[in-house]
Amino acid sequence: MTERKPLISGNWKMHHNHFQAIQMVQSLSYQLNNDDYSYCDVSVHPPFTDLRSIQTVLESDNIPISLGAQHCHEQEKGAFTGEVSTGMLEKLNVKLVIVGHSERREIFNETDSQVNAKIKAIFKHGMTPILCVGETIDERDAGDAETKIKNQLIEGLQGIGKDRVGKMVIAYEPIWAIGTGATATPADAQEMCAHVRNCILEISGKSPSESIRIQYGGSVKPVNIADLMMQNDIDGALVGGAALEAESFARLVQYRLQ
Ligand code: 13P
């Protein structure tokens with residue numbers, strides 16, 4: 001079986017200005033040690049305005065936390081007021097870019113074909129996409145969750161070579177669990193993450209399905225992360241609220257000590 005190093009990612013959404021972000025990352029790195037980093041990869045995804053400041057903190061102190069973005073535009077450059085390209089992110093040494101988060105899909109009407117174009121743009125600049133998929137409560141209650149996720153994967157991954165798919169991260173984030181405190185049970189999260197892996201097997205083949213990392217996201221907290229991380233097909237967590245404060249984020253990264 002392929003060993004997959006866990007990845008714990010903090011998606012700060014629209015929280016923390018650059019002063020708060022610097023303070024948070026310094027405090028987080030103070031609480032983490034080499035054992036933590038050898039056990040799992042860690043990434044922070046601050047707002048765009050914080051990226052340069054956090055890059056400087058991470059690089060000047062050799063902190064092994066990967067810098068991540070929450071979003072990108074799919075075009076190289078052009079008249080797209082307010083948008084940021086993947087080339088710009090690469091220059092800031094961003095390593096991971098979240099794409100297709102349900103908030104982007106629902107509030108900003110991002111489509112699967114845009115998600116697909118963004119994934120290609122992220123790879124073009126040598127970064128790793130974290131592709132988010134997940135169902136609403138209505139879709140779940142109607143028994144449509146698995147089909148919804150399969151379609152999001154098929155469309156999102158169209159034309160992406162299997163070697164690249166194998167290096168990606170998929171975040172399974174049930175929309176009903178995001179910011180609600182209603183975490184999926186470890187068994188439910190495992191079932192859906194196994195489904196994601198099975199879809200990758202069908203779409204891209206065995207090797208990518210074994211190496212791709214699948215995160216669970218949706219009300220992950222220090223008290224529930226250990227049980228989620230024990231599941232076979234869960235290789236990490238994409239965390240919102242509980243990743244905003246350094247102490248809480250450090251406890252998430254140190255889930256193995258619980
Ligand atoms: P919460 O952890 O706040 O539920 O957010 C999850 C999420 O959307 C991470 O991308």
Is segment 142-258 rounded, prolate or oblate when judged by the Cα gyration tensor, a ≥ b ≥ c being the square roots of its eigenvalues, rounded requiring a/c under 1.5 and prolate requiring a/b larger than b/c?
prolate
Of every hundred units of 1.4 Å-probe accessible area on the chain, the number belonging to carbon and sulfur atoms, as a percent, is 50 percent
With at most 15 neighbouring Cβ atoms within 10 Å, loop GluC sites (Glu not before Pro) (DSSP) excluded, longest segment of the chain:
84-244
Can you list residues whose amide H is under 5 Å from residue 237's amide H, if they're 5+ apart or on another chain and H is modeled 1.01 Å from N?
7, 8, 9, 216
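Report the calculated FRET efficiency for residue 20 and residue 106 (r = Cβ-Cβ distance, R0 = 41 Å), to the nearest 0.05.
After rounding, the FRET efficiency stands at 0.95.
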Cleavage-rule hits, chymotrypsin sites (Phe, Trp or Tyr not before Pro), segment 108-179, DSSP coil, Cβ neighbours within 10 Å at most 15
108
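On full extension of the chain, what length is gained from residue 59 through residue 191, given 0.36 nm per residue of separation minus the C-alpha to C-alpha distance? Before the final figure, lay out the partial values.
Values: separation 132, 0.36 × 132 = 47.52 nm, distance 3.85 nm.
Taking residue 59 through residue 191 to full extension adds about 43.7 nm, to one decimal.
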Leading residue at positive end of dipole, segment 120-258 (Cβ point charges), from 134, 165, 243:
165
If you count only protein heavy atoms with a 1.4 Å probe, what accessible area per residue comes out for segment 132-207, rounded to a whole Å²?
45 Å²
Using a simple charge model, +1 on the beta-carbon of Lys and Arg, -1 on the beta-carbon of Asp and Glu, nothing else, what dipole does the chain show about its Cα centre, in debye to the nearest 20?
660 debye
So what's the net charge close to residue 90: Lys and Arg +1, Asp and Glu -1, counting the other residues with Cβ under 12 Å from its Cβ?
+2
Based on the Cβ-Cβ distance of residue 120 and residue 79, what FRET efficiency does E = 1/(1 + (r/R0)^6) give at R0 = 22 Å, to the nearest 0.05?
0.60
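The values are calculated or read from the model by the stated rules, or taken from the named source; none is laboratory data. Since the model is a prediction, treat every value here as computed from it, not as a measurement. Positions of Cβ are backbone-derived with ideal geometry, glycine not excepted, and every protein chain shown enters the neighbour counts. Protein only, heavy atoms only, side chains kept; ligands, DNA and RNA dropped before computing areas. Shrake-Rupley method; radii C 1.70, N 1.55, O 1.52, S 1.80 Å.
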